[in-house]
Structures are given as structure tokens and as C-alpha cells.
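A.B. asks: Quick one: the structure is below, questions incoming.
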Amino acid sequence: MIRSAWDRRVAAPDDAIAHAHQTVRGQPVLTTLTVEVPREHNRPARKARVEVRRCPVRLSPKSDCYPHRQPVDLTLVEVWEPHPPEGLEPLHWLLWTAEPVETAEQAEAIVGIYKRRRKIEDFHLTLKSGCRVEDLQFETPLRLAKMLVLYGAVAVRILQLRDLSRQQPDVPCTTVLSDLEWRTLWNRHS
């Protein structure tokens, strides 16, 4: 699944060429959901009531520009907040997926997968910035893979500590770390 960045050309049912964003907006609402929108920069956390639409489409690349590309069948899922709070941008996601989306439950599953993207992005940022894996200089892919496994576990623990400190700031770090782990960290940074 990926988020739609461009309004792609699609083959409409009558063999005409249409655009994906307009096509999915013209579909009936499959389900309505409440989506938790986390706090971000100067925007408060909130709950958004969204409409979910879906539309199976065939992406049709321009044959004159891309003669070797074939049409691709995907489903575009639109998650749209028709009535956002005053002064806030509406939540609006357009998601391409190869997964089947025929029912409300399948649409909810797609939305659930996409909501997890922030944790995945945080994990990669922690690997890059916190663990500085880009600074690792290994001669073979196997050595790099072994270090990524090790640093991946470290990145997960860092994120656990961060989330715990945000949700329950008075809880001790031993909720996540063993006695030996926190003492080692303490000595390393003392």
C-alpha cells in the first residue's frame, strides 16, 4: 500500500480516460470510521470522523510517453473527513493498494495498516539518527544485515522508552529495561 501523490489517469468503465481522485470521490461511502489523529507540531491530538470510499481502477500509462509500461489494476481507497473542526485541515488520505477492498471490514483493515506508518517511520528515523546505522562501514551485505538486526532491537527499545516516558512519565525505565541494561546505559553516559 502506498499513499497517492499524483492524480493518475485511469480507465473508466466506459473506456474513457478519467482521473483517479475524481473517480473515487464519485463512489458511494463504503463505511464511516473514527480515526485517532495524533498531536503533531502545533496541531492538537483529536478524533476525526471520516468517510471511506473505494474504487477498483486500472492505471493507464500514456502509451506515447511510456510504450513499455502495461496497465496496472489497483484499488484506490479514499479516507476523507467531510467536517473537520474549525481552523483545521481535513484528514484526507488517498491510498493505493493491491489488497482486495470489497467490504467495510477490508477497508477498515487498509486504514489500520496505513495508521501504523508513523511507528514505522519513527523506527527508521531512530535507526538512522539514534543508532546512526548509516555510519556503519561494512564490507559485505551479510555483516550489514547482522548489525541491522542488532540495531533494530536497540531502536525498538529506544521507541519503547520514548513512548513510555510520554504516556507515563513517572514510571521507572525498568518497565522496559532490565537492571543490567539501565545500569550499563547510565555508566555509558555518566
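A.B. asks: Just going by the charge dipole of the stretch 121-188, with Lys and Arg at +1 and Asp and Glu at -1 on Cβ, which of 164, 174, 141 is farthest out on the positive end?
C.D. replies: Of 164, 174, 141, it is 141.
A.B. asks: Still on this structure: Quote the charge dipole size of the chain about the Cα centre in Debye, to the nearest 20; the model charges only the Cβ of Lys and Arg (+1) and of Asp and Glu (-1). Mind showing how you got there, number by number?
C.D. replies: Values: 28 positive and 25 negative charges, 102 e Å.
Using only the charged Cβ atoms, the result is roughly 480 debye.
A.B. asks: So, one more: Using r as the Cβ-Cβ distance of residue 185 and residue 89, and R0 as 35 Å, what FRET efficiency do you calculate, to the nearest 0.05? If you can, show how the numbers build up before the last one.
C.D. replies: Details: r = 40 Å, r/R0 = 1.14.
Rounded to the nearest 0.05, the efficiency is 0.30.
A.B. asks: Another one. Give a quick list of trypsin sites (Lys or Arg not before Pro) in the stretch 124-190 that DSSP marks as loop, anything other than H, G, I, E or B, with at most 10 other Cβ atoms within 10 Å.
C.D. replies: Values: sites: 128, 132, 143, 146, 157, 162, 166, 183, 188; in loops: 132.
Answer in residue order: 132.
A.B. asks: Are there GluC sites (Glu not before Pro) in the stretch 105-190 that DSSP marks as loop and that have at most 10 other Cβ atoms within 10 Å, and which are they?
C.D. replies: Listed in order of number, the matching sites are 139.
A.B. asks: Taking amide H positions as placed 1.01 Å from N in the peptide plane, with prolines and chain starts having none, which residues 5 or more places from residue 30, or on another chain, fall under 5 Å of its amide H?
C.D. replies: Sorted by chain and number, the residues that satisfy this are 52, 53, 54.
A.B. asks: Using a 10 Å cut-off around each Cβ, can you sort 148, 142 from fewest to most neighbouring Cβ atoms? Mind showing how you got there, number by number?
C.D. replies: Working: 148 16, 142 9.
Taking fewest neighbouring Cβ atoms as first place, the list is 142, 148.
A.B. asks: Check which residues have an amide H placed less than 5 Å from residue 101's amide H, if you skip close sequence neighbours.
C.D. replies: Amide H to amide H, under 5 Å and 5 or more residues apart or across chains, residue 101 pairs with nothing.
A.B. asks: Please express the Cα-Cα pair-distance distribution P(r) of the chain as a list of whole percents, one per 5 Å bin, running from 0 to the bin with the greatest distance.
C.D. replies: Taking every Cα pair in the chain, the percentages come to 1, 6, 11, 13, 12, 12, 11, 12, 10, 6, 3, 2, 1, 0, 0.
A.B. asks: Residue 154 to residue 103: extension gain in nm, 0.36 nm per residue of separation minus the Cα-Cα distance? Spell out each step's value before the answer.
C.D. replies: Numbers: separation 51, 0.36 × 51 = 18.36 nm, distance 3.87 nm.
The residue 154-residue 103 span can extend by a further 14.5 nm.
A.B. asks: To make sure I understand, if each residue's beta carbon is the centre and we count other beta carbons within 10 Å, what order do 173, 55 fall in, fewest to most?
C.D. replies: Working: 173 15, 55 19.
Final ranking by Cβ density, sparse to dense: 173, 55.
A.B. asks: Treat the count of other C-beta atoms within 10 Å as a stand-in for reagent exposure and order 179, 122 from fewest to most.
C.D. replies: If I rank by nearby Cβ atoms, fewest first, I get 179, 122.
A.B. asks: Next up: If one takes the longest principal axis of the Cα atoms in the chain, at what angle in degrees, from 0 to 90 and to the nearest 10, does the Cα axis of helix 104-115 lie?
C.D. replies: On a 0 to 90 degree scale, this one is about 50.
A.B. asks: Another question, if that's okay. Loop-only check: which trypsin sites (Lys or Arg not before Pro) in the stretch 1-99 are DSSP coil with at most 14 other Cβ within 10 angstrom? Could you put the intermediate results ahead of the total?
C.D. replies: On the way: sites: 3, 8, 9, 25, 39, 46, 47, 49, 53, 54, 58, 62, 69; in loops: 8, 39, 62, 69.
Counting only loop positions with at most 14 other Cβ atoms within 10 Å, the trypsin sites (Lys or Arg not before Pro) in the stretch 1-99 are 39, 62, 69.
Values quoted throughout were computed directly from the atomic coordinates according to the rules given, and no laboratory measurement underlies them. These numbers were taken from a predicted model, which means no experiment stands behind them. In this analysis, Cβ positions are derived from the backbone assuming ideal geometry, glycine residues included, and neighbour counts consider all displayed protein chains.
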